[in-house]
Amino acid sequence: MVKNFNIPFFKYPDLFSKHSRELMEVFHDVSSRGAFIMQDDLSNFEARLAKYTGINYVLGVANATDALQLLLKAGGIGYGDEVIFCSHTMIATASAIKFTGATPIPIEVGPDHLIDVNSIESAITNKTKAILPTQLNGRIANMDAILKIADKYNLQVYEDSAQALGAKYKGKSAGSFGVGGCISFYPAKVLGCFGDGGAVLTNDESIYNTIKLMRDHGRDHEGNVCMWGFNSRLDNLQAAILNYFFDHYMFVVERRREIASLYNKQLKDIYEVVLPPSVNSDNCSFDIYQNFEIEVKKRDKLKTFLAEMGIGTLIQWGGKAVHEFRDLGFTQSLPYTESVMRRSLLLPINMSITNEEVEYVCQCISDFYNKSI
Ligand SMILES: Cc1ncc(COP(=O)(O)O)c(C=O)c1O
């Protein structure tokens, strides 16, 4: 096949160039009001997210890693505690646990790339305080099973829902199942800002009240310092940008689901490719497809071939599960997760890619295996 496309994994400049006039208006409006820290754009954005997710409280913070750490701290996780998480996740999940003073305990991923619920019970010790599933790639784990185990052993549940804003499981949004969840507004996220940004989601009023203080140096609205805190506020300008993009959020999610369907349809007959769950694979899940993660044979060769054909792909976390970062002190061996990490590849899925380009990506993958390149 003749190379005739240039499809980067993610076109960062498109975030601005496709909306430049409207975004300049946002910038002008916020700047001319001098509304930079903890202003109306932030509280409006928080209220809109709460309404959209059906979750009582939303707080904008500096990034999702902070959001998770603040949640864990507010929930009482600390020294001597163990928190179980899935090793196929960003290091941020584990570092948020670590910096509370607790010990992150990695366990296996399942075939759907979400926490393997069958591996949870054997990881529970008398120090275990919480289970922290990552709602990876825009899809929610089997929360019925997780909540049942949590109930049996009297454990808390937190969600790393950084990749899953608006994803649903049995009609409930990511972030609503336990103490709370986090959202990341990193630019390449389904809802991204122009830098770092994040949010805490919680239905628990006391967790909300605590994090509201903690994100702003422990100060209340009168400037009284009530507790030790952090500086972890979502900038008002970022909130205004997010408000602008949020107007189109449902359309964006629908488009991503359309792209996922196209990939699924066109790749389903290639024996060497294992696909993620399809858009309507079960009636429990509403997947927002933050990522389209396939498992393939000869992964690295395929990646190189696709690059030669002008197609950008990405290997999440550089191809290593969290427990494989031995410098951090992990000693576990998780064979299934390690094998997934050697085979996984993210295909481009974003608002820049066209259907024709998706078809080209699929054709190239098909050529690679059919012609044994
Ligand atoms: C699963 C997961 N957890 C946590 C994070 C951290 O998010 P942030 O960069 O906003 O701190 C990310 C970001 O990519 C993520 O994908």
Legend entry - Residue identified as among the polar types (S, T, N, Q), away from the ligand (no atom under 16 Å from the Cβ) and under 23 Å from Q290 (Cα atoms) among N243, N236, N224, N203: N243
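Output the number of residues of segment 47-76 satisfying the condition of being in a helix (DSSP H, G or I) and away from the ligand (no atom under 16 Å from the Cβ). Talk me through it step by step, then tell me what you get.
First pass over segment 47-76, keeping only residues in a helix (DSSP H, G or I): 47-53, 64-74.
Retained after the next criterion (residues that are away from the ligand (no atom under 16 Å from the Cβ)): 47-48, 50-53, 74.
So the answer is 7.
From the list E254, E272, which one is among the acidic types (D, E), more than 16 Å from the ligand (Cβ to nearest atom) and open to solvent by 60 Å² or more (accessible area, probe 1.4 Å)? Don't jump to the end; show me each part of the working.
On the way: E272 fails: open to solvent by 60 Å² or more (accessible area, probe 1.4 Å).
The match here is E254.
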Legend entry - Unmet requirement for K298, which otherwise passes all of (1) more than 16 Å from the ligand (Cβ to nearest atom); (2) within 19 Å of the chain's Cα centre (by Cα): (2)
Inset, instruction - Would you be able to tell me the number of residues in segment 301-334 that are hydrophobic (A, V, I, L, M, F, W, C), under 19 Å from the mean Cα position of the chain (by Cα) and under 17 Å from I115 (Cα atoms)? - result: 3
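Would you confirm, using the coordinates I've provided, whether L328 is in contact (Cβ under 8 Å) with a residue 24 or more places away in the chain and either open to solvent by less than 10 Å² (accessible area, probe 1.4 Å) or in contact with a strand residue (DSSP E or B) (Cβ under 8 Å, 6 or more places away or on another chain) (or both)?
Details: in contact (Cβ under 8 Å) with a residue 24 or more places away in the chain: yes; either open to solvent by less than 10 Å² (accessible area, probe 1.4 Å) or in contact with a strand residue (DSSP E or B) (Cβ under 8 Å, 6 or more places away or on another chain) (or both): no.
No, not satisfied.
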Inset, instruction - Please list, ordered by first then second residue, the pairs with beta carbon atoms under 6 Å, 6 or more apart or interchain, first in segment 77-93 and at pLDDT 95 or above and away from the ligand (no atom under 16 Å from the Cβ), second open to solvent by less than 10 Å² (accessible area, probe 1.4 Å) and charged (D, E, K, R). - result: none
Legend entry - Residue check for P187: within 16 Å of the ligand (Cβ to nearest atom) and closer than 24 Å to Q238 by Cα: yes
Inset, instruction - Would you point out the residue of segment 13-46, among those that are open to solvent by 20 Å² or more (accessible area, probe 1.4 Å) and of a type in the set (F, W, Y), that is farthest from the ligand (Cβ to nearest atom)? - result: F27
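For residues in segment 130-154 being outside any helix (DSSP H, G or I) and surrounded by fewer than 22 Cβ atoms within 10 Å (Cβ to Cβ), which is nearest to the chain's Cα centre (by Cα)? Reasoning before the result, please.
So in segment 130-154, the residues outside any helix (DSSP H, G or I) come out as 130-135, 139-142, 154.
Applying the additional criterion that residues be surrounded by fewer than 22 Cβ atoms within 10 Å (Cβ to Cβ) yields 142, 154.
Working: N142: 16, N154: 26 Å.
The residue in question is N142.
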Inset, instruction - Working only within segment 155-186, note down all residues that are open to solvent by less than 10 Å² (accessible area, probe 1.4 Å) and aromatic (F, W, Y). - result: Y158, F185
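The values are calculated or read from the model by the stated rules, or taken from the named source; none is laboratory data. Computed from a prediction, not measured in an experiment: that's the story for all the values here. Quick reminder, even Gly has a Cβ in these numbers, built from the backbone with ideal geometry, and neighbours come from all protein chains shown. Protein only, heavy atoms only, side chains kept; ligands, DNA and RNA dropped before computing areas. Shrake-Rupley method; radii C 1.70, N 1.55, O 1.52, S 1.80 Å.
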